[in-house]
Structures are given as C-alpha cells and as structure tokens.
Amino acid sequence: MISARAQSGLTLVEVLVAMVLLAILLIPAIQALQTGIVGADVHGDVALNHFRLTSRVEELLAEPYANLAEAAADAGSPGTPTTYSEAPGPTGRLIVYLSPVDGDNADADDDLFTGVDAGLLWIRVDVEGSIHSLQTLRAQAVSYTH
C-alpha cells in the first residue's frame, strides 16, 4: 500500500481549480488585447489616409502652375471639385479643390477667396466620406532677369 505521504502530483480537484482560475484571469486579458487590435485598425486607416493625401498633394505641387490655374478657373469656385479628383466610385476617393487665393488680405475682409492675388493658388485634398483633408498653397514661379 502507498501511504499518503508518498503520493506526488496533483489531484483532479486541484487541476480543475487551476483551470477555472486561469479561465477567469484570461478573459480580461483577451478583452484588453481586442481593444488594442481595434485601435491598431483605426490607426492604420488614419495613417493610410495621411499617406494618400500627402502623395496627392505632392503630385499636385509637381504639376505646372498653368495647368492648376486652368483647372481652378474651370471649377469656378473653391467648393467645386476639379478634374484632378478621383473618378466617382466607392467612398474614400480623393477630391481635389483648387482656387485662386487672397494671400495678403489687401481688401481687409478676411476672406481667402476675394481680392485674389495673381500667381497664388489654394489646394485642398479631401478623403470623401471622412474628416481627413490636407491643404496648402502653391505660388507661380517667378524668374528674374538682369
């Protein structure tokens, strides 16, 4: 016969108690990880939109000024999308707005789009269906001769 002192190992009750404790402790840990995963997805969308916007603005800044000015004139107003916008389709397309701008506010009305300055364009790119946008100014290159 084996005495009680000679037994080694765990009893079935001890194993079950340990498994129940692990299950109780793992549930909050898994929920915390799930929140992190959701946050990573949201951050990934924000980062993707940022890079898409930055890329499109860089492409526009590389365009000849005359082409941009022509597209702004064709649009007619700052709130009208230009031909540089992506074709209509799924939500998330990039919409480009171009307009001459009043950079020096010489008319003192604090409106960027009245009393416009020659050779200065406002560029805004929006991600359709989101709050993400990027805007900048583009000046016409001036060459000086002596």
Would you confirm whether or not region 63-70 contains a residue that is over 18 Å from Leu120 (Cβ atoms) and not polar (S, T, N, Q)? no
Within the set of pairs 6+ apart or on separate chains, which have a first residue in region 39-54 that is within 11 Å of Ser130 (Cβ to Cβ), a second that is modelled with pLDDT of 90 or more, and C-beta atoms under 6 Å apart? Asn49/Val127; Asn49/His132; Leu53/Val125; Leu53/Leu134
Restrict the check to region 136-145 and report whether at least one residue is in contact (Cβ under 8 Å) with a residue 60 or more places away in the chain, outside any loop (DSSP other than H, G, I, E, B) and among the hydroxyl-bearing types (Ser, Thr, Tyr). yes
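How many residues, within region 87-144, are of a type in the set (S, T, N, Q) and over 24 Å from Val42 (Cα atoms)?
6
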Here is a list: Val125, Val96, Val142. Which entry is hydrophobic (A, V, I, L, M, F, W, C), modelled with pLDDT of 95 or more and either more than 30 Å from Arg52 (Cβ to Cβ) or touching a Pro at 6+ places or on another chain (Cβ under 8 Å) (or both)? Val96
Inspect region 60-80 for any residue being in a helix (DSSP H, G or I) and among the hydroxyl-bearing types (Ser, Thr, Tyr) and give the result as yes or no. yes
Identity of the residue in region 136-146, open to solvent by 60 Å² or more (accessible area, probe 1.4 Å) and polar (S, T, N, Q), that ends up nearest to Asp104 (Cα to Cα): Gln140
Among (1) over 17 Å from Leu137 (Cβ atoms); (2) more than 28 Å from the chain's Cα centre (by Cα); (3) modelled with pLDDT of 85 or more, there is one condition Ala66 misses while meeting the rest; what is its number? (1)
Among residues of region 114-135, those that are surrounded by 14 or more Cβ atoms within 10 Å (Cβ to Cβ) and either in a loop (DSSP other than H, G, I, E, B) or at positive phi (or both), counted: 6
So how many residues does region 59-97 have that are hydroxyl-bearing (Ser, Thr, Tyr) and crowded, with 18+ Cβ neighbours inside 10 Å? 4
For region 31-50, check the following and say yes or no: at least one residue is open to solvent by 80 Å² or more (accessible area, probe 1.4 Å) and more than 31 Å from the chain's Cα centre (by Cα). no
Region 69-117, subset more than 18 Å from Leu137 (Cβ to Cβ) and hydroxyl-bearing (Ser, Thr, Tyr), residue nearest to the chain's Cα centre (by Cα): Thr91
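The values are calculated or read from the model by the stated rules, or taken from the named source; none is laboratory data. Computed from a prediction, not measured in an experiment: that's the story for all the values here. Reconstructed Cβ throughout: ideal geometry from the backbone, glycine too, with neighbour counts over all protein chains shown. Only protein heavy atoms, including side chains, enter the accessible area calculation; ligands, DNA and RNA are left aside. Shrake-Rupley method; radii C 1.70, N 1.55, O 1.52, S 1.80 Å.
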